[in-house]
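Everything on this sheet refers to the single structure shown next.
The values are calculated or read from the model by the stated rules, or taken from the named source; none is laboratory data. For clarity, every value in this text was computed on a predicted model and none was experimentally measured. Here the Cβ positions follow ideal geometry from the backbone for every residue, glycine too, while neighbour counts run over all protein chains shown. Keep in mind that these areas ignore ligands, DNA and RNA; they rest on the heavy atoms of the full protein, side chains included. Shrake-Rupley method; radii C 1.70, N 1.55, O 1.52, S 1.80 Å.
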Amino acid sequence: HSNRVMWFQDFFPPNMCPINAKDDTFYGIMFDAGSTGTRIHIYTFVQKSPENLLELEGEIFESVKPGLSAYADQPEKEKNMSLRLLDMAIDAVPPHLWKKTPVVLKATAGLRLLSEEKAQALLLEVREVFEESPFLVPEDSVSIMDGSYEGILAWITVNFLTGQLSGQNQHTVGTLDLGGASTQITFLPQFEETLKEAPGDFLTSFEMFNSTYKLYTHSYLGFGLKAARLAILGALNMEAVDGQMFRSSCLPKHLEAEWHFGGVKYRYGGNKEGETGFKPCYLEVLKVVKGKLHQPTEIRGSSFYAFSYYYDRAVDTNLIDYEQGGILEVKDFERKAKEVCDNMERYNSASPFLCMDLTYITALLKEGFGFRDNTLLQLTKKVNNIETSWTLGATFHLLQSLGITY
Ligand SMILES: Nc1ccn([C@@H]2O[C@H](COP(=O)(O)OP(=O)(O)O)[C@@H](O)[C@H]2O)c(=O)n1
Ligand SMILES: [Ca+2]
C-alpha cells in the first residue's frame, strides 16, 4: 500500500491524488504479451459524467523478459511470470475495487507465429492465473489480438494522449510501431485516393468516444525487427535449423555467435571471406523489403509518431535522448546506418546487429512504406508519463464493452 501512495504522489498534487478516491475512480489492467517481453499496465481513470471524456489519472507499468513464446515448450513455467506481474495489481488497486477491475491479456505477433496448439497451451496457463485472482475476468480475457487492432489501438492511444480525440479541431497523427515480430502502420486518410487505392482489408472503421474513425491500418507479420533479422539471414520460417550457420554482410566480419528467438536457437556470423558494410547490407535487406509492402501515396510528405524499436535503436545510436525522445528525418536513420555499418568494429560492443537493424529500419521506411528522405518522425516513448502502447486504447475499448464507461 505504501508504495502506491508514493507512486501517485510523485505525479499528482495531494488534492488531486486518487488515493482520496472518489466514487468515479476506476481501474483497468491490461497485459501486453509481446514477442520479446510481457508487460502489465495498470490504469486509473476518472469519469465525472457521461458527457465528459474519460480522464486518465495514471499508469503503473512493469515489464519482464523474455516473451510468452519463449515458454512454448514448457507452458507451466510461464505461470510464475504472470503471477509476479499480477501481484503488482493486487498492491495497486484498492481491495474494494478488485471485483470491478477487469484484467485482460492480449498477445501479439510472437504467439501468432507459434503453432495453434502451443499458443493455446500458453494462453490457458495465463487464464488459470487470472481465474484464481480477485479481479473481474471477462469472457475471452486471454487471447491473441488481431493485427489490425494492434495498429488501431496504438493510434487511439497516441491521439488520445496528444489530445486529438477531443474538441473540434482534430489533427490526428499517424503511428508506426516496430515490434519484434510484426510492424504496424496506421493513419486517418485525408485523401479520397487513399481510400480507393488501399487493399480492402487495410481500411477499418472504429468507434471510440462517440466518433467513428475510418483508419488505414496494417500489421505486417514477420516484419518486426527480430523476425526481419531472421529473414535477412535466410532463417525465417525454417523448420529445422540444426546448427546451420547463417551469414550476412550486415554483421561484423569475424563474428560467430548464437541467438535465441521464439524458443529456437540460431547460429549466425559475418561474411568471413566476402564483403561487409552498408552497401552490400542494404542490397541484402532490400530483398526482404522491396515490393512487399503497400505504399499509400498520401503518407510520403506527412509526419508520423514512431515508437518501440524505432525509438530503441535511435536511442542506442544517440540520435535521440532516452528520456526526451525527439524529431528525426528518415534520412537520419540512413546516415546512422552508414556510419555504423562502415565502422562495424567500433560499434561491435553495443550489439552485433546494430548495422543490420538500422539498415532494415532505413529500408523499411524508404522502400517498404515509401517515405521520403525528409519525412518527419516524432520518436516517442511516453506522453505525459504514459506509455505510447496499444494497451491504453485496448483498455478504453474493454471498459466500453463492459459498460463500465460510456
Ligand atoms: N510498453 C512497451 C512495449 C514494447 N516496447 C518496445 O517494443 C519492442 C518489442 O516489441 P514486442 O516485444 O512488443 O514485439 P511484437 O509482439 O509487438 O512484435 C521493443 O523495442 C520494446 O522496447 C515499448 O517500447 N514499450
Ligand atoms: Ca508490441
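Do you know which residues across segment 321-360 are within 17 Å of Leu225 (Cβ to Cβ) and touching a Gly at 6+ places or on another chain (Cβ under 6 Å)? Cys341 - this is the single residue of segment 321-360 that is within 17 Å of Leu225 (Cβ to Cβ) and touching a Gly at 6+ places or on another chain (Cβ under 6 Å). Residues in segment 195-242 that are more than 18 Å from the chain's Cα centre (by Cα), within 25 Å of Ala107 (Cβ to Cβ) and among the hydroxyl-bearing types (Ser, Thr, Tyr): Thr204, Ser205, Tyr213. Take the conditions (1) part of a loop (DSSP other than H, G, I, E, B); (2) surrounded by fewer than 22 Cβ atoms within 10 Å (Cβ to Cβ); Phe371 misses just one of them, which is (2). Taking the condition under 28 Å from Asn159 (Cβ atoms), open to solvent by 20 Å² or more (accessible area, probe 1.4 Å), modelled with pLDDT under 95 and not small (Gly, Ala, Ser), does Arg313 pass? So Arg313 does not fit the description; no. Of everything in segment 381-406 that is in a loop (DSSP other than H, G, I, E, B) and open to solvent by less than 20 Å² (accessible area, probe 1.4 Å), the residue that is nearest to ligand 1 (Cβ to nearest atom) is Ser389.
Among the residues of segment 347-368, those identified as without any contact (Cβ under 8 Å) to a residue 60 or more places away in the chain and open to solvent by 10 Å² or more (accessible area, probe 1.4 Å) are Tyr347, Ser349, Ala350, Ser351, Lys366.
Set side by side, the residues His254, His260 differ, and just one is within 24 Å of the chain's Cα centre (by Cα), modelled with pLDDT under 95 and not in a helix (DSSP H, G or I), which is His260.
The number of residues in segment 101-121 being in contact with a strand residue (DSSP E or B) (Cβ under 8 Å, 6 or more places away or on another chain) and at pLDDT 95 or above comes to 9. Strands (runs of 3 or more DSSP E) fully within segment 143-245 that include at least 1 residues being within 16 Å of ligand 2 (Cβ to nearest atom): 174-178, 182-187, 211-221. Of all residues in segment 69-91, those being of a type in the set (S, T, N, Q) and either touching a Phe, Trp or Tyr at 6+ places or on another chain (Cβ under 7 Å) or closer than 15 Å to Glu132 by Cα (or both) number 2.
Against the definition (part of a helix (DSSP H, G or I), of a type outside the set (Ser, Thr, Tyr), in the same structural domain as Leu203 (by TED's automatic domain parsing) and more than 14 Å from ligand 2 (Cβ to nearest atom)), how does Asn80 come out, yes or no? It is false that Asn80 is part of a helix (DSSP H, G or I), of a type outside the set (Ser, Thr, Tyr), in the same structural domain as Leu203 (by TED's automatic domain parsing) and more than 14 Å from ligand 2 (Cβ to nearest atom). In segment 111-141, what count of residues is obtained for those that are open to solvent by less than 10 Å² (accessible area, probe 1.4 Å) and within 16 Å of ligand 1 (Cβ to nearest atom)? Residues in segment 111-141 being open to solvent by less than 10 Å² (accessible area, probe 1.4 Å) and within 16 Å of ligand 1 (Cβ to nearest atom): 5 in total. Please go through segment 142-196 and give me each residue that is within 16 Å of ligand 1 (Cβ to nearest atom), among the polar types (S, T, N, Q) and touching a strand residue (DSSP E or B) at 6+ places or on another chain (Cβ under 7 Å), ordered by number. Scanning segment 142-196 gives Ser143, Ser148, Thr175, Ser182, Thr183, Gln184, Thr186. Counting only residues that are in contact (Cβ under 8 Å) with a residue 12 or more places away in the chain and open to solvent by 70 Å² or more (accessible area, probe 1.4 Å), segment 269-282 holds 2 of them.
Counting only residues that are within 17 Å of Glu258 (Cα to Cα) and of a type in the set (Asp, Glu), segment 334-356 holds 0 of them. So which residues in segment 36-46 are open to solvent by 20 Å² or more (accessible area, probe 1.4 Å) and either assigned by TED's automatic domain parsing to the domain that holds Asn159 or in a loop (DSSP other than H, G, I, E, B) (or both)? Matches in segment 36-46: Thr36 only.
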